[in-house]
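First comes the structure, then the notes that go with it.
Readers should treat all values here as calculations from the given coordinates under stated rules, not as data from a laboratory. All figures in this text were calculated on a predicted structure; none of them were measured in a lab. With ideal geometry, Cβ positions are generated from the backbone for all residues, glycine too; neighbour counts draw on all protein chains shown.
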Amino acid sequence: MNVFLLYLILLKGTATAFAGLASLPVIQAALVFQHHVLTDQQLNEAVAIGRSTPGPMGLYIVSVGYFVAGTPGAIAGWAAMVTPALLIIPLVYFVGRQLENPRIKSILQTVVIASAGLLLAAVIPLARDALANSLTIAIAVATVW
């Protein structure tokens, strides 16, 4: 896969999500189902790597990039992860005064609810793949308590 196209796909996922794993459905749809350059197992591994390393929750994007295109893909993943953060600074400056507007508040609440729904839709197939035996199910249940 072209590294620039990978960057754009990962940027789409990170720019449309406001939390670390909320970009998961977009990335799964594009890289697993549409382009077939990543498997669900690799995506699970990338999420596990991202969750076990210190840093932001969306760090799994770098692992996804690595699984797809090696070191250039990891660099593309890192660039896609930091681009929205760099673009949001001027946006917050210009829009910051409008946050008390009821319309803006309702739009933000809608985006959060939609992100939660998309995250749930992506987690169910990944959980089916990850919870393969009684040991992994027991670990998952123990972490919930």
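Annotations
- Rel. contact order, % - alpha carbon contacts under 8 angstrom, at least six apart, region 3-144: 28 percent
- One Cα centroid belongs to region 55-85, the other to region 115-145; the line between them spans 23 Å.
- Choice from T16, T110, T71 with maximal GNM fluctuation in the chain (Cα, 10 Å cutoff): T110
- With the helix formula -39500 (n - 2.57) applied to DSSP H stretches of n ≥ 4, the chain reaches a computed 222 nm mean residue ellipticity of -24500 deg cm²/dmol.
- Residue-count net charge about A140 - beta-carbon cut-off 15 Å; Lys, Arg +1, Asp, Glu -1: +1
- Cα pair distances exceeding 19 angstrom across the chain, given as percent: 56 percent
- Taking other C-beta atoms within 10 angstrom as a stand-in for reagent exposure, V123, V112 fall in the order V112, V123, fewest first.
- Among L11, V47, V123 the positive-end extreme of the charge dipole of the chain (Cβ point charges): L11
- Computed from backbone phi, the HN-Hα couplings of region 129-142 come to 6, 7, 8, 8, 9, 5, 5, 5, 5, 5, 5, 4, 5, 5 Hz, rounded to whole numbers (Karplus: 6.51 cos²θ - 1.76 cosθ + 1.60, θ = phi - 60°; Gly and Pro given as x).
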